[in-house]
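Let me begin by presenting the structure, written as structure tokens, before commenting on it.
The values are calculated or read from the model by the stated rules, or taken from the named source; none is laboratory data. Worth saying up front: this structure is predicted, and the values here are computed from it rather than measured. Please note: Cβ atoms are built from the backbone with ideal geometry, for glycine as well, and neighbour counts cover all protein chains shown.
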Amino acid sequence: MTVPVIPTERLNLVPMTPTWITALLDGQRPTDFSIPDAWPDEHDRAFLSIRLKDLQNGAPPDWLARSMVLLGTPVMVGHCGFHGPPNTGFAEIGYTVFEPHRRNGYAEESIRGLMSWALETHRHHRFRLSIAPDNEPSLRLAAKLGFAKVGEQIDPIDGLEHVFELELRDDHR
């Protein structure tokens, strides 16, 4: 199955393949695009390991991890994607923008791109974010995008997180 790239105004959201993830976890530097030298860090090694297992167990790759790559360049500025296909009615979105590229709107652009793709391709319109209580930029972004806090959870890796949900209308852009 070929998984399409999701284009946004300034980014291509490029699917992470099992081969690409395996190479990173094995210490290789895939040459598709420029990746920060210190990446993946310990946290993202755990994230990549989970997504690799998901892919190996047959999870649909279009609902998983993607690299955020600046249009017209080979520069990866972060990663985003869903935690898997929608379960319990919501598709959970995750994202990380690498330090030198933060505060440029890439997280917002990626989230909007993922939600538009899910709405247009799968008619899916219910989304969730989980955010650490001290992550002020992401909390502000959730509010800006219209997500409402619906509760809290304890993530086994990240600890306490606030849970936010958003339901889009079909005419949302």
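Take the residues in the range 69-117 that are part of a loop (DSSP other than H, G, I, E, B) and of a type in the set (S, T, N, Q); name whichever of them is nearest to ALA46 (Cα to Cα).
Taking the candidates together, the pick is THR88.
Scanning the range 143-161 for residues that are surrounded by 12 or more Cβ atoms within 10 Å (Cβ to Cβ) and in contact with a helix residue (DSSP H, G or I) (Cβ under 9 Å, 6 or more places away or on another chain), which turns out farthest from TRP63 (Cα to Cα)?
LYS149
Do the conditions hold for GLU120, that is, is it under 21 Å from LEU11 (Cα atoms), in a helix (DSSP H, G or I) and free of Cβ contacts under 8 Å to residues at least 12 places away in the same chain?
yes
Mind listing just one residue for me: the one in the range 18-62 that is hydrophobic (A, V, I, L, M, F, W, C), under 13 Å from HIS79 (Cβ atoms) and not in a helix (DSSP H, G or I) and, of those, modelled with the lowest pLDDT?
PHE33
Quick one: is LEU139 part of a helix (DSSP H, G or I), in contact (Cβ under 8 Å) with a residue 24 or more places away in the chain and among the hydrophobic types (A, V, I, L, M, F, W, C)?
It is false that LEU139 is part of a helix (DSSP H, G or I), in contact (Cβ under 8 Å) with a residue 24 or more places away in the chain and among the hydrophobic types (A, V, I, L, M, F, W, C).
Would you pick out the residues in the range 93-110 that are more than 9 Å from the chain's Cα centre (by Cα) and of a type outside the set (A, V, I, L, M, F, W, C)?
From the range 93-110, those more than 9 Å from the chain's Cα centre (by Cα) are 97-106, 108-109; that's our starting set.
Selection gives GLU99, PRO100, HIS101, ARG102, ARG103, ASN104, GLY105, TYR106, GLU108, GLU109.
So, in the range 1-15, of the ones that are in a loop (DSSP other than H, G, I, E, B) and at pLDDT 95 or above, which residue ends up surrounded by the most Cβ atoms within 10 Å (Cβ to Cβ)?
Applying the filter and picking the extreme gives THR8.
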